[in-house]
Amino acid sequence: MELRHLRLVETIAREGTLSRAGEKLHLSQSALSHQLKDLEQELETSLFHRSNKKLIITQAGEIVLESAREILHKIKQTEKDVKEHLFGNIGEIRLSMECYTCYRWLPSVMSDFHEKYPNVDINIFPEYTYRSIEKLLEGKIDLVVTDIKPTVKEVVCQKLFTDDIMVIVPKNHPWTKRKYVTANDFSDESLIIYHDFEDSVLYPLLEKAGVKPKKILTIKLTESAIELVQHGMAVKGMATWAIKSYLQTHEIATVQVTKSGLSRDWFIVQRKDHVSAPYFDYFAELLSDSIQNL
């Protein structure tokens, strides 16, 4: 017994004649009659009997009809669920960011997102922060927000926005009297980073100039890093959006990096083989707007 047989029995039972059933199934009456005959031979029983040109379902036919309705309804519901998942009514976004500070972007974004997509869950995986692309390729997450554009061919990147990088120093630091600092100036300073030096915001500039800071301090908590800067223990490169709130509460100042300034691009990344529903694009749009309004 095949799925087409179940549709055949359900349609004949509903329409009452082969001709009307054929119209619904887009089959000729002879083709429909042939299929019904094949099914009855397979089951070794009649499923319908004729009465005044109408087909009346038999007890055996009722058994098949009950199963047909149940199975066809399940298939229809499955198709509906898949379409809703693909086209944005229900679903899930599994997300990680390659910077702990960036998680502060999410509360307002999630609130606005759920107004439009209340049945799409956003699940955040901060434990993948420094292995996010690796976990993306493994299928553990769906989206990564990063300031380092991946070079692996299995992913696609969408640019989110560009931010400006400044260096924060104590308010009494000599750099505050200057319009900008250069890469060479960092050779006499201790520099705070979040994780690996190669992933820090100032690394491309310093690496190109062949400069290494006097000392590198790895501090993962922004608040602790700000306190160290305030007390003259080190300097730190940060995005302007991340610095704003601390300028009001701490004795720190910002200094421009290089004469032309320093900026970086942010990207949202997903796998090429990932079927992207509309809510993924909407999430990226909200995220970009939210950051630029910080």
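Summary of values
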| read-out | value |
| --- | --- |
| Contact order normalised by residue count of the range 141-264, Cα under 8 Å, 6+ apart, percent | 42 |
| More than 22 angstrom apart: percent of Cα pairs within the range 193-294 | 46 |
| Around Pro204: net Lys/Arg minus Asp/Glu count, Cβ-Cβ under 10 Å | 0 |
| Values of log10 I(q)/I(0), in the order q = 0.11, 0.19, 0.20, 0.22 Å⁻¹, for the range 93-226 under a Debye, Cα-only, solvent-free model | -0.53, -1.21, -1.28, -1.43 |
| No Cys partner within the rule (Cβ under 4.7 Å), the chain | Cys157 |
| Scattering profile of the chain at q = 0.06, 0.14 Å⁻¹ [log10 I(q)/I(0), Debye over alpha-carbon scatterers] | -0.40, -1.01 |
| Extension gain from Arg264 to Met1, taking 0.36 nm per residue of separation minus the Cα-Cα distance | 88.5 nm |
| Rg ratio (alpha-carbon, reference 2.2 N^0.38 Å) - the range 3-87 | 1.19 |
| Dipole magnitude of the chain, debye to nearest 20 (Cβ charges: Lys/Arg +1, Asp/Glu -1, about Cα centre) | 600 |
| Kirkwood-based Rg to Rh ratio, the range 1-146, C-alpha trace | 1.33 |
| Relative compactness, the range 60-142, computed as alpha-carbon Rg over 2.2 N^0.38 Å | 1.66 |
| R0 of 35 Å, Cβ-Cβ distance Lys80-His195: FRET efficiency to nearest 0.05 | 0.20 |
| For the range 3-87: relative contact order, % (alpha-carbon pairs under 8 angstrom, 6 or more apart) | 32 |
| For the range 234-294, radius of gyration divided by Kirkwood radius, i.e. Rg to Rh on alpha-carbons | 1.12 |
| The range 160-199-the range 202-266 distance, computed between alpha-carbon centres (Å) | 4 |
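Every number in this text was worked out from the coordinates using simple rules, so none of it is lab data. Source: prediction; values computed, not measured. Heads up, the Cβs are rebuilt from the backbone with ideal geometry, glycines too, and the neighbour counts pull from every protein chain shown.
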